[in-house]
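The values are calculated or read from the model by the stated rules, or taken from the named source; none is laboratory data. Since the structure is predicted, the reported quantities are computational estimates derived from the model, not experimental observations. Reconstructed Cβ throughout: ideal geometry from the backbone, glycine too, with neighbour counts over all protein chains shown.
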């Protein structure tokens, strides 16, 4: 039996559907989401919650002429299905397939790419202003989650909307969640509205009653003048009107008819910005996701593998819990990612010392700086891609004052299927240029726990970046110890070539050395540990003896670890070496599995060995290994 969903090839195909067909379409869409996301991985609960809202949006507005901006773009799966990408949906988050986020180069129906939260209102205001300056006639709609409204950027945009008064529509998708439950004063205000509709029932009944009486319409106009005071007393929604919005809602986000009516009114409102408050259930229609929206926020793809080692995130949290038990001055700050950073175990034991500040990366860092000035040791637990948003605060509020803030940077390097917006490939570069900041990366999960201990004891700002996923399965030391700051270690000795590896690239570098040994090439492998300060004594000693050096990092080459090594050698007058750096070229890394992407960029064992052979053009091509030597490295 054919599905109604299979007949939807563009938003225009939605326009003539009857109410019964809309319900069928919503059900079929949910079935497709559940089947595909549980197979491919991706964001499930958030997408299940916006099925009806997406259908209503595309029935009321005319995309791509009208602009619909999703915040965050991970809730756009139904939007993709309804905008001509249904047949490609099986490639979601697969290498070369559909992105898990909105992206401008994928479809004309994606007017703005969004992988980070809180950007939609700013972008919408820019588009609406461009429309007005160009004397055009399209509508602009920003769909923002209540979690994203906690971000400072969203509040800055709301403030600017109030100043400009440009016509645009903001749909507030309120489900009480970001990834974790939404926190903060605004979240509490929204929850009052979400669970108490008394004001709207009283308002509508009063309006109907007055208008049925003689002079009723004039009486209602007089009542409008005191409405804000009544509304502020009964239902605290006046904040949106103070931001310059006409407030509508809250509406049932799973009632297509009600949503269409509200969105139509908002569309036809003539002269000011409008906020449509929609209440949805994250995970709607799938009992497991409704019951645990945090767990089903992001679903891992089915790969048949079983985890043999704890994840780096788990080791981080276990180590922090251990240190928090020993030191009452240790505090943890996370911007809306307690579960992603596995901090629930710390939060359960020390709820007063774990702070989820919402999607507020800048605030998280300066909040940590404030704690540090008063003798606390704050640990900022944050993903690499999100730490980018707090660069100025790291510079100005932490490092300029040399405050002992620990940055625990999860998802450093290639993260895989989340793609361009989430790859953590810039942190070594943008952190290494900051004075007073120590930048480190562990070779394995055991070294991670020791680096965390080192950072807590350092009395200086220190960043530890570690990869996504499970560790390599090494034995964990029972006792923690400090690692000398700025000191690497030689893991394997050889006189022909030296591989200086950092972080997650150390293990494949060791495997590459074993492969090279089958060709008779003796390799020194260094666990560099620190991108800043470099172990200059160790590096210069190796370079003076071994004239072929290879640096390896899961980071962009520009300004990264390899660049720092090259600068060190030049400063030291060591110019008679051949140096080649492996890392990410000057591009954004697409989505795909970590293994596939590491292979693409020669960051796995085979790739490292192949790149190493470019330093040995004299090696005979008949190899015991199927490794293709690449372009020979130039002299330093």
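Values computed for the structure shown
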| quantity | calculated |
| --- | --- |
| Number of positions in the range 569-592 that are farther than 30 Å from residue 99 by Cα and assigned to a loop (DSSP other than H, G, I, E, B) | 6 |
| Neighbours by Cβ (under 6 Å, 6+ apart or cross-chain): first from the range 97-112, not assigned by TED's automatic domain parsing to the domain that holds residue 592 and buried (at least 21 other Cβ atoms within 10 Å of the Cβ); second assigned to a strand (DSSP E or B) and at pLDDT below 90 | 100/42; 102/114; 110/102 |
| Selection status of residue 551, closer than 21 Å to residue 467 by Cβ, modelled with pLDDT of 95 or more and in contact with a strand residue (DSSP E or B) (Cβ under 6 Å, 6 or more places away or on another chain) | yes |
| Flag for residue 125 being buried (at least 20 other Cβ atoms within 10 Å of the Cβ) and at pLDDT 90 or above | yes |
| Criterion: touching a residue at least 60 places away in the same chain (Cβ under 8 Å), outside the structural domain of residue 409 (by TED's automatic domain parsing), over 28 Å from the mean Cα position of the chain (by Cα) and on the phi < 0 side of the Ramachandran plot - qualifying residue of 538, 534, 550 | 550 |
| Hey, residue 558 surrounded by fewer than 17 Cβ atoms within 10 Å (Cβ to Cβ) and not assigned by TED's automatic domain parsing to the domain that holds residue 438 or not | yes |
| Residue 524 assigned to a strand (DSSP E or B), under 22 Å from residue 594 (Cβ atoms) and either in the same structural domain as residue 431 (by TED's automatic domain parsing) or without any contact (Cβ under 8 Å) to a residue 60 or more places away in the chain (or both) | no |
| Boolean, residue 277 is assigned to a loop (DSSP other than H, G, I, E, B) and more than 24 Å from residue 37 (Cβ to Cβ) | no |
| From the options 425, 421, residue that is in the same structural domain as residue 332 (by TED's automatic domain parsing) and at pLDDT below 95 | 421 |
| Among the candidates 26, 56, residue that is modelled with pLDDT of 90 or more and crowded, with 24+ Cβ neighbours inside 10 Å | 56 |
| Members of the range 285-315 that are more than 23 Å from the chain's Cα centre (by Cα) and at pLDDT 70 or above | 285, 286, 287, 288, 291, 308, 309 |
| Whichever residue in the range 317-342 is at pLDDT below 95 and within 25 Å of residue 481 (Cβ to Cβ) and, among such residues, is surrounded by the most Cβ atoms within 10 Å (Cβ to Cβ) | 341 |
| Matching strands (runs of 3 or more DSSP E) fully within the range 300-408 where at least 3 residues are in contact with a helix residue (DSSP H, G or I) (Cβ under 6 Å, 6 or more places away or on another chain) and in the same structural domain as residue 440 (by TED's automatic domain parsing) | 330-334, 377-383 |
| Exclusive hit being in contact with a strand residue (DSSP E or B) (Cβ under 6 Å, 6 or more places away or on another chain), closer than 28 Å to residue 98 by Cβ and surrounded by 19 or more Cβ atoms within 10 Å (Cβ to Cβ), set 414, 428 | 414 |
| Top-ranked residue of the range 463-519 - restricted to ones that are touching a strand residue (DSSP E or B) at 6+ places or on another chain (Cβ under 6 Å) and part of a helix (DSSP H, G or I), ranked as farthest from residue 391 (Cα to Cα) | 516 |
